[in-house]
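The structure appears below as structure tokens.
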Amino acid sequence: MWNLKLRGERASILADALLAVPSSSYQQRSLKAALGLFLDLKTKKALHRAHTVSASALSRLLNVYEWDTAACWATLVQAQWEALLLAARRKHHPRLRLCVDLTSVPKTGRELPFVRVYNEVYGLHLVVLYAVYGDLKFPVGYRVYRGKGTPSPVRLALDLLSTVPPEVSRRFDVWVLADSGFESAAFLQGVRDLSFEFVVGVRSTRRTDHPGYVTVQDCQHGSWVNLANWPWETLTLARVDRGERTFFSVASQLLPGDCVAREGGRRWAIESFFKEAKHGFGLNRFALRTAQGLDRWVLLVFAAFTLAMLCRADTLSLEQAAEVAARVALPLLVVQRLTAPLWQEEEFLRQHGYSLTLSRCKT
């Protein structure tokens, strides 16, 4: 693990770069308050819970004001890839795992953008690309699945994978991990066209090219198979028993079955992210009524998670890391939050002969 102090400095630099994007000081102050809210994992994500600015100010920042969201995304993603490349410095054949998956955020309102029914869930459906290297884990992109007649989750996942910078592809041994929702021949071929390896889940009924009707369920753990509708590469099959169910996955390299199973199990990192993003960082609290508001809300979730991850040590929980990130990246906001109860009692203090001032010491 590379130096935590350096990671903290990079978190501070990233936050400063993000906060510098809006053109006016008013918008910058609102963005700082919003980022502070998303880094406070003890507080439910509602606009009225932000410190130093009103809910209406945050609503205008997210829905109305014309600040360059694309520049913020570019700044965030560049910082994530740079952190991964720095962590792999001087490593021999480092392996980067790119997990792709779709998560659904149930919603009830009909005026929210992109709300659809998919897999019997009415809500927002996001395809997310999640990069994992060592103890660094970042959500590096997302796409919204908009329903029938629009690009499929498989197409959106391949689009996300195509955004991986060339320097990352050259530096890392890149493996794509996905569940059986991405088992299609189009996805497997798309991953190989990008020169990435993969471990992808497959259904038990997935046919092989053996004569007769032979499915992966009929094959042994660790055996080499060719899929009926994608016979161009020989794959390794892994079987994993969990209770009464058996899960199957195939790998693009001819590895022992146990290695394929272990590699496929690393896909669960993205499931952990989904849980943390929804219940800690507020992804499931989205209630804005514009597409721009959704994009900016997801940006704040991803940015807050990234800052917390940059400041996380082995001994810290994600909640503690987020608090450290807030102190490192937004010190003035933290001071204002800590002193807010005292300012509310300013009149009481004055009546008893006390005055309250806040000044910054020279260091």
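Given R₀ = 56 Å, FRET efficiency for Arg245-Arg170 by Cβ-Cβ distance, to 0.05?
Efficiency at R0 = 56 Å is approximately 0.90.
Taking 7 Å along the Cα-to-C-beta vector as the label spot, tell me the Ser317-Asp159 distance in nanometres, rounded to one decimal.
3.8
What distance in nm separates the two pseudo spin-label positions at Glu347 and Tyr26, each 7 Å out from Cα along the beta-carbon direction?
2.8
Nearest 5 percent is fine: what portion of the DSSP beta bridges confined to the chain is antiparallel?
80
Within the range 119-156, list the residues whose amide N lies under 18 Å from a label point set 7 Å along Cα→Cβ of Arg110.
Inside the label zone: 121-124.
Along the range 69-84, what does the Karplus equation 6.51 cos²θ - 1.76 cosθ + 1.60 (θ = phi - 60°) give for ³J(HN,Hα), rounded to whole Hz, x for Gly and Pro?
Taking θ as phi minus 60°, the curve returns 4, 4, 5, 5, 4, 4, 5, 5, 5, 4, 5, 5, 5, 5, 5, 5 Hz for the range 69-84.
Please compute the Kirkwood hydrodynamic radius of the range 82-206 from all pairs of different C-alpha atoms, in Å with one decimal.
Every distinct Cα pair counted, the radius reaches 15.6 Å.
Can you check what the Kirkwood hydrodynamic radius comes to for the chain, Cα pairs only, in Å to one decimal?
22.4
Once amide H atoms are placed 1.01 Å from N in the peptide plane, what residues at a sequence separation of 5 or more from Val214, or on another chain, have their amide H within under 5 Å of its amide H?
When sequence neighbours closer than 5 places are left aside, the close amide H contacts are Thr208.
Relative to the present Cα-Cα distance, how much length would full extension add between Lys42 and Glu82 at 0.36 nm per residue of separation?
The Lys42-Glu82 span can extend by a further 11.4 nm.
Just order 258-268, 318-328, 32-42, 66-76 by mean Cβ neighbour count inside 10 Å, highest at the front, would you?
Highest-to-lowest ranking by the protection proxy: 32-42, 318-328, 258-268, 66-76.
Counting only helical runs of four or more DSSP H residues, what would the 222 nm mean residue ellipticity of the chain come to if each run contributes -39,500 (n - 2.57) and the total is spread over all its residues?
Result for the chain: -13500 deg cm²/dmol, rounded to the nearest 500.
Going by the alpha-carbon gyration tensor, a ≥ b ≥ c the square roots of its eigenvalues, is the range 49-138 rounded (a/c under 1.5) or, if a/c is not under 1.5, prolate (a/b greater than b/c) versus oblate?
Oblate shape, in that a/c is at least 1.5 and b/c is the bigger or equal ratio.
Only the coordinates and a few stated rules stand behind these numbers; no lab work does. Since this is a predicted model, take the numbers as computed values, not measurements. Here the Cβ is made from the backbone with ideal geometry for all residues, glycine too, and neighbour counts use every protein chain on show.
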